[in-house]
Amino acid sequence: MEQQQDKMYDLIGVGVGPFNLSLAALLDDIDSVDSLFFEQKGNFDWHPGMLIEGTKMQVPFIADLVTMADPTNKHSFLNYINENERMYQFYFLQRLDIPRREYNEYCQWVTRRLPSCKFGQRVTGIHHINDNEDYFKVEVLNLATNQTSEFKSRHLVMGTGSVPVMPKSFKDLPAEDVFHTADFLPNRERCRNAKSITVVGSGQSAAETFRELLKEQQDYAYRLDWITRSSGFASMEESKLSLEHFSPDYVNYFYQLPQKQKDEIFATQGLYYKGISNHTINDIYNLLYEYSVGGDELDVGLQVLSEVKDIKPRQDSNGYEITCYHTQKKQEFTHESDVVITATGYKPNVPDFVHYLGDFLEWDEEGRYKVEADYRLKKTDDSTNEIYVHSGISHTHGVGSTNLGLSVHRNKVIINHLMGREVYSIPQKNIFQNFGL
């Protein structure tokens, strides 16, 4: 039975990942904004398949949900540490980065304090209604009761994140044998019982998965391979001046460029966000070195310059035959493995219901959102109802679009526009270098 909610909300958020959770936390102290945030998962869980022991965040802890807008906010990471009586342990840790598992725990702590965040609720439809007062009608399915309710909101914010990408030839194979790094931890026992494992890809997720498998290899005696089409296992560009690409200043500079030039520049910036952190590479090399002490032969292979073209089940036994192409030798070769783990990245999640708004929104020639500088989707009319967006904007706002260090800045901009006044100050100069003239 469908229920109609007559109340008019100021803002409804779709998805509760770190970006929308940050917005919900910052809005918590603004009584004049009535907001709701819907998430289909039963609770906040940030990349649960990669919450590996020993992995850490790639941004400092001050890039939490609120601190870079309001260091005194009760939803800060330091307040989480304090309320969980871990202040001295954290003080003696003497680190800016924190364990990835602890970031996830911190976000879960914040969600429990925010009544605006509703879990187990799947948004199934959004329609723009022209009535006495124009608004968005949001259809929400309660996954526990299977009941659909309708909500009204003047504005929306999309925080639907990204979804794993698998090559087409990998998709119809058994999920326990061939899977994305996003599903690594649930399939860990399968890996431990395999005779051979191959990781495909060369980013941070690939490296963390390979490192974890390498740490356990001598206990479980599997063959371990790592294949990438890249020319090497390249480290991420982490120098301090390079990190200034993840600043509001660079976002503003990049946004002003013509779209064709943006696409060309973005294609060259992979090592700002897709490389491997130096400490992860060091861990892997140190393990390889220790395992080789005494002349022991490693049952490990690291293969570069090799593009995976196809995969199919082996005819004579269990496992899979992977067809690869060496991009410099121009030669094809085959590789066999019981388990194949792909680290082939993510793509923006544009839910089906967004296309209900197809005529309301502007799209570019590539079928991507057109986005204003202040993170509003461009519309085909002059409606006062706005849709703010967090995901699927790398083509407009650049390399930092998925970086947690910019999430609070983005939410400051969104809140200021939503309120029609400067709730949070936006400094004009945040870095030492100039990107424009």
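Here are some notes:
- Candidate set: the range 365-387, residues that are of a type in the set (D, E, K, R) and either surrounded by 14 or more Cβ atoms within 10 Å (Cβ to Cβ) or modelled with pLDDT of 95 or more (or both); chosen: the one farthest from Ser407 (Cα to Cα): Lys379
- Members of the range 112-141 found to be more than 16 Å from Lys152 (Cβ to Cβ) and not in a loop (DSSP other than H, G, I, E, B), listed by number: Arg112, Cys117, Phe119, Arg122, Leu141
- Count of the range 139-188 residues which are under 21 Å from Val199 (Cα atoms), over 19 Å from the mean Cα position of the chain (by Cα) and among the acidic types (Asp, Glu): 3
- Residues in the range 382-437 that are within 12 Å of Asn252 (Cβ to Cβ), part of a loop (DSSP other than H, G, I, E, B) and assigned by TED's automatic domain parsing to the domain that holds Gly367: Gly398, Gly400.
- Subset of the range 142-161 [in contact (Cβ under 8 Å) with a residue 12 or more places away in the chain and surrounded by fewer than 18 Cβ atoms within 10 Å (Cβ to Cβ)]: Asn142, Leu143, Ala144, Gln147, Thr148, Ser149, Glu150
- Being among the hydroxyl-bearing types (Ser, Thr, Tyr), exposed (fewer than 14 other Cβ atoms within 10 Å of the Cβ), without any contact (Cβ under 8 Å) to a residue 60 or more places away in the chain and farther than 30 Å from Ile414 by Cβ is a property that holds for Ser239.
- Of the residues making up the range 307-355, those that are in contact with an Asp or Glu (Cβ under 8 Å, 6 or more places away or on another chain), part of a loop (DSSP other than H, G, I, E, B) and not basic (Lys, Arg) number 4.
- Any hit, the range 59-74, residues being in contact with a strand residue (DSSP E or B) (Cβ under 9 Å, 6 or more places away or on another chain) and either part of a loop (DSSP other than H, G, I, E, B) or modelled with pLDDT of 95 or more (or both): no
- Filtered by the rule that a residue be farther than 16 Å from Asp172 by Cα and either over 30 Å from the mean Cα position of the chain (by Cα) or not assigned by TED's automatic domain parsing to the domain that holds Asp172 (or both), the range 319-338 gives His326, Gln328, Lys329, Lys330, Gln331, Glu332, Phe333, Thr334, His335, Glu336.
The values are calculated or read from the model by the stated rules, or taken from the named source; none is laboratory data. All figures in this text were calculated on a predicted structure; none of them were measured in a lab. Here the Cβ is made from the backbone with ideal geometry for all residues, glycine too, and neighbour counts use every protein chain on show.
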